[in-house]
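Okay, so here's the structure we're looking at.
The values are calculated or read from the model by the stated rules, or taken from the named source; none is laboratory data. Bear in mind that the values here come from a model prediction, so they are computed numbers and not experimental data. Glycine gets a Cβ as well: all are built from the backbone with ideal geometry, and neighbour counts include every protein chain shown.
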Amino acid sequence: MDTLDIFQGLQFNEAITKKQLHTYYPRVSNFKTSDEIRISIQHQDVYTLPSESFIYIEGKFKHDAAGTGTCELTNNAYAFLFDQIRYEINGVEVDRCTKPGITSSIKGYISYGDNETKFLEMSGWCPNSKTQPTISLNNKFNAYIPLKFFLGFAEDYKKIIINASQELILLRSGNDLNCYHNTTTGGTKVASFDIDKIEWHVPHINVNDEIRLKLLKTLKSSYYNRNNQPLLSYEKFKECALYVIDCANQKEAVKSSIVDVKLELESLSGFTEDTTAYCLIIHDNIVEYTPLSGTVKKII
């Protein structure tokens with residue numbers, strides 16, 4: 001056994017020579033409410049590591065109505081800036097997160113410990129604070145949000161993506177009412193969130209020539225890895241069901257939508273009229289990606 005070989009010499013892993021962050025920018029420079037924002041990686045000859053990538057957001061608060069006051073952020077405020085986040089490889093959708101503010105908050109409350117919470121403070125995740133940070137009107141804000149905070153793909157698939165175009169699509173929210181608490185002293189709205197910059201920071205991996213040649217040889221000889229598994233295979237989440245009641249402001253279209261899940265609840269006090277029930281379905285998802293041909297298809 002290797003553990004008993006006390007005379008074994010030192011071993012060094014020199015396969016990866018450098019890991020460097022590269023910044024990718026959207027096709028548009030304006031990020032208005034309900035806009036679709038696409039950030040693409042078109043270079044197919046690079047080794048990218050999307051599991052360690054993150055989204056950088058920068059902007060400022062602005063007055064929406066006459067009045068003075070301050071803006072108190074809600075927990076996970078920056079996630080509520082978007083209605084949907086998707087990730088595609090070669091034009092095929094691999095993963096998506098709908099209502100990322102709600103879904104990431106539910107996941108965070110039930111799974112993040114103290115270490116994760118401290119790390120995610122830069123993302124606006126502050127669930128243990130008695131009061132969220134108070135931002136003066138017209139002040140700037142910025143956030144660094146790991147992609148794995150939203151997408152199970154980035155959390156579970158920790159290998160490189162090569163020989164493929166990639167695209168991150170973000171759908172801006174129709175409004176920012178869930179991002180802050182109104183503390184104005186005059187007027188109905190305190191602030192709006194104007195996003196000035198959105199960037200996708202993705203690590204590029206450099207390997208030595210020996211490893212590069214071995215990898216190219218493997219791709220030419222087989223579509224599968226050494227364990228006879230598809231080169232891109234991940235479990236989004238373990239199967240379970242979670243139900244949460246949200247009483248935030250909702251559109252009439254959401255209130256009247258039809259769902260396939262029936263909830264029967266009992267409460268000591270009545271629910272308010274604007275109460276909305278969300279059903280978060282967490283499921284397995286397996287995608288097969290063949291680097292040599294660029295074929296991407298969903299298995300389940």
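Residues that are closer than 22 Å to V94 by Cα, at pLDDT 70 or above and acidic (D, E) within the range 273-295 comprise just one, E288.
Taking the range 3-28 as the range and being hydroxyl-bearing (S, T, Y) and either touching a strand residue (DSSP E or B) at 6+ places or on another chain (Cβ under 9 Å) or modelled with pLDDT of 95 or more (or both) as the test, the residues that pass are T17, T23, Y24, Y25.
For a quick check of your reading: which strands (runs of 3 or more DSSP E) sit entirely within the range 30-97 and have at least 2 residues that are modelled with pLDDT of 90 or more and either closer than 23 Å to N178 by Cβ or over 18 Å from the mean Cα position of the chain (by Cα) (or both)? Break it down stepwise before answering.
Numbers: elements: 36-41, 54-62, 69-73, 82-89.
By residue number, 36-41, 54-62, 82-89.
Within the range 98-134, the set of residues being assigned to a loop (DSSP other than H, G, I, E, B) and of a type in the set (S, T, N, Q) comprises N128, S129, T131, Q132. Of the residues making up the range 84-124, just one is within 25 Å of K60 (Cα to Cα), surrounded by fewer than 19 Cβ atoms within 10 Å (Cβ to Cβ) and in contact (Cβ under 8 Å) with a residue 40 or more places away in the chain, namely Q84.
Kindly evaluate K118 against the criterion of being at pLDDT 85 or above and of a type in the set (K, R). When the stated conditions are applied, K118 passes them.
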